[in-house]
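Only one structure is covered here, and it is reproduced in the block below.
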Amino acid sequence: MNDHARVLVADDEPSIRFVLRETLESAGHEVVDVATGEAALEALASQSFDIAFFDIRMPGPSGIELLRHVKTTGNDVAVVIITAQNTLENAVEAMKEGALDYLAKPFSTEEILPLVDKTLRTRALESEVRSLRREVSGRIPPDERLVGRSSSLLEVFKTIGRVARGNVSVLVTGESGTGKELVARAIHGASPRAEGPFITVNAAAIPRDLLESELFGHERGAFTGAVEARTGRFREASGGTIFLDEIGDMPTDLQAKLLRVLQSGEVSPVGGRHAETTDVRVIAATHRDMEAAVADGSFREDLLYRLRVVPIHMPPLRERPEDIPPLAQHFLQRYDAELTDRPHVLAEETTVHLAQYDWPGNVRELENAIKRALVLASGDLLTPEDFAFLERRTTPADTEEPLPESLEERAIAVTRAALDSGEREIYRDVLPRVERAVLETVLQETSGNQIKAAARLGINRNTLRKKIVDLGIDVPGRA
């Protein structure tokens, strides 16, 4: 294998061209750099390259247009898109058009050489990359798009672009409120099924005796109250996508029926004698540790494999604080006109303040916090005081006094702190904090085993699971 690559760099920023040339040539690679899309087209027409770095915005043809040119002309050069606008739309478009990768400015030079090495080692993967090319057939509404600029979210964007064109099942994991349904909608919107229906079913929100009928339909007279036949959500989603939220809470007997649907593409309505075919893509989501669910027998291993052909994990908001400012701004723009009669602005110190909060409820909690602040704000500038209702992160290092030892003293201390900080609705805010501390301590002691934790607490396991979701508790050992 040739250890040296011929590289084309097209970017209108001299500093970017200089950094890339120095990095690549120091590793023994040959570099041609140009400042415009037209010059890049001329270089592609007259020379052969192993890999090209295209800026998404520059004079003449854009990086995406150059990428399309490369793919439509059959040129086998691998393409990396570079952009200063790190958005879902850019990432999905680049990956779906067949880019090898996607770099957001400012990037580290350590990211460059592995891309070149990967190209030299795996040119056979170019056919797979080329197969990802197609125009986005659906448009994701602004209110339903994923917002953020963190590296972990960028990886989610790229996976969406790669998986959208296929018909494989996807399992989206992550804590409650991280945006798992938005991932599903993004995949659907960027897929050939975008013009078809997108049907959502929450397996945890529908009573067990109604869920089977909801999913698979029923015939008239199949059970008491079935006065007319029902199609069922699977057949309603035919030609499109069905999103099965909280799939980890599906009863085991229905799991077997879902497995048959995934295997055969046929749906058996309740009370029906014949199976009905359906053409539907399945995207499922859960906040549960599915490996643990398989281990404790509450979820079928064969169904997990069927659902998790491609896994996508949505990281919690506390692990990507750089996403908080753009998300806060996004929600401000989304709800300002709807909830108020005058425009509002986030103060700079407010953005810093929001980024220092843990957000146990993740993006959903941030969204609701912005809405609440807009409604209650006394001025046009949203200050940290407008978010005083948020629970502060505190540690023993925050105070020189030793932690109180009794439960009553702890409750008094928390209440006093809430009073001193000017909090309102103390009863509603303090009790969940005390309850969360109790549950987190027991879950830590049982290494995240919810069956053992429920037994130690003396409560029903379903009650414990609901409290974990409601309080945004991070269970130890959960993926």
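Of all DSSP beta bridges in segment 142-313, what percent run antiparallel (nearest 5)? Show your work: numbers first, answer last.
Numbers: 3 of 21 bridges.
Here the antiparallel bridges make up roughly 15 percent for segment 142-313.
May I ask you to order 342-348, 441-447 by the average number of other C-beta atoms within 10 Å around their residues, highest value first?
441-447, 342-348
In Å, the Kirkwood hydrodynamic radius of segment 142-313 over pairs of distinct alpha carbons?
By the Kirkwood definition, the hydrodynamic radius is 16.6 Å.
In debye, nearest 20: dipole of segment 142-313 around its Cα centre with unit charges on the Cβ of K, R (+) and D, E (-)? Kindly include the intermediate steps, with their values, before the conclusion.
Working: 21 positive and 24 negative charges, 117 e Å.
Computed about the Cα centre, the dipole is about 560 debye.
Of the cross-linked pairs Lys71/Lys180; Lys96/Lys257; Lys105/Lys371; Lys105/Lys158, which ones have a Cα-Cα span greater than 23 Å in the structure shown?
Among Lys71/Lys180; Lys96/Lys257; Lys105/Lys371; Lys105/Lys158, the Cα-Cα distance tops 23 Å for Lys71/Lys180; Lys96/Lys257; Lys105/Lys371.
Just to confirm a number: summing +1 for Lys and Arg and -1 for Asp and Glu over residues other than Leu307 whose beta-carbon lies under 15 angstrom from that of Leu307, what do you get?
Net of charged neighbours comes to +1.
When 1/r is averaged over all different Cα pairs and the result inverted, which Kirkwood radius in Å belongs to segment 6-131?
Across segment 6-131, the inverse of the average 1/r is 14.2 Å.
So what's the net charge close to Pro343: Lys and Arg +1, Asp and Glu -1, counting the other residues with Cβ under 9 Å from its Cβ?
My count for the surroundings of Pro343 gives -1.
May I ask for the net charge around Asn90, where only other residues with Cβ less than 12 Å from the Cβ of Asn90 are counted and Lys, Arg are +1 while Asp, Glu are -1? List each step's numbers first, then the result.
Values: positive: Arg57, Lys96, Lys105, Arg145, Arg149, Lys158; negative: Asp55, Glu89, Glu93, Glu97.
So the surrounding residues net to +2.
What is the diffusion coefficient of segment 319-389 in µm²/s, taking the Kirkwood radius over Cα pairs and the Stokes-Einstein relation at 10 °C with a viscosity of 1.306 mPa s? It would help to have the intermediate numbers written out before the result.
Working: Rh = 12.0 Å.
In µm²/s, the coefficient is 132.
Amide H of Val31: which non-local residues (sequence gap of 5 or more, or other chain) have their own amide H closer than 5 Å, using H built in the peptide plane?
Val7
What order, most packed first, do the peptides 48-58, 311-321 have when packing is the mean number of other Cβ atoms within 10 Å of each residue?
Answer by packing, highest mean first, reads 48-58, 311-321.
Taking neighbour Cβ counts within 10 Å as the exposure measure, how do Tyr305, Tyr335 sort from fewest upward?
Tyr305, Tyr335
Using the Karplus curve 6.51 cos²θ - 1.76 cosθ + 1.60 with θ = phi - 60°, what ³J(HN,Hα) values do you get for each residue of segment 78-84, in whole Hz, with x for Gly and Pro?
Per residue, the Karplus-derived 3J(HN,Hα) values read 7, 10, 10, 8, 10, 8, 8 Hz.
Since every read-out is calculated from the coordinates, none of them should be taken as a lab result. Just so it is clear, the structure is predicted and the values come from calculations on it, not from any experiment. Cβ sites come from the backbone with ideal geometry, for glycine too, and all protein chains shown count toward neighbours.
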